[in-house]
1. If one takes the longest principal axis of the Cα atoms in the chain, at what angle in degrees, from 0 to 90 and to the nearest 10, does the Cα axis of helix 102-121 lie?
2. ALA114 to ARG90: extension gain in nm, 0.36 nm per residue of separation minus the Cα-Cα distance?
3. Among ALA11, ALA37, ALA24, which one moves the most in a GNM of the chain with springs linking Cα atoms closer than 10 Å?
4. In percent, how large is the relative contact order of the chain, given Cα pairs closer than 8 Å and 6 or more residues apart?
5. How big is segment 46-122 by Rg and Dmax over its Cα atoms, in Å?
6. Along the positive direction of the dipole of the chain (beta-carbon charges: Lys, Arg +1; Asp, Glu -1; about the Cα centre), which of ALA51, LEU100, GLY68 reaches farthest?
7. Sort 115-121, 97-103 by packing, meaning the average of other beta carbons within 10 Å per residue, with the highest value first.
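Coordinate-derived values only; no laboratory data. Predicted model only: the values in this text are computed from it and were never measured. Quick reminder, even Gly has a Cβ in these numbers, built from the backbone with ideal geometry, and neighbours come from all protein chains shown.
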Amino acid sequence: MVKPMPRKAKAPSPLTNLSEKEIAQLREIDERLSRVAQERRASLTRPSVHAEQTFGSITFRYETVRCGKKNCTRCPHGPYWYAYWKENGRTRSRYVGRILPTKAREVYEEKQRAKLDRVKTA
């Protein structure tokens, strides 16, 4: 006859020693992490455009992108500036970099200032 092994007493949860304030802080952290995870999952499906500026026939977009590597834990990357234009009926794009070209940046900043002025006067 085999004797059953004695059961070990369950160790108390480390959360029982926390104050109400610490528990509230943990809940806030949990909510923030959940929000970030949800935003990250949403951004995995499409690039996220942070800003867009048209300069002549070229549109500049400030967007985050996925690298496409299977095990990448840092996606999405960026944001980076990309230029878009039409050529022979097709949309073409080119990576510009982290910094927008000077002329396009000046136009973009001018429009942002005008937008802020409209908001302030309204």
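1. So the inclination is approximately 70 degrees.
2. Numbers: separation 24, 0.36 × 24 = 8.64 nm, distance 3.25 nm.
Going from the current span to full extension adds 5.4 nm.
3. Sorting by GNM fluctuation, first place goes to ALA11.
4. Values: 110 pairs, mean separation 17.1, N = 122.
In percent, rounded to a whole number, it is 14.
5. Looking at segment 46-122, its Cα Rg and Dmax stand at 15.0, 49 Å.
6. With unit charges placed on the Cβ atoms, the residue in question is GLY68.
7. Values: 115-121: 8.6, 97-103: 11.3.
Put in order of decreasing packing, that is 97-103, 115-121.
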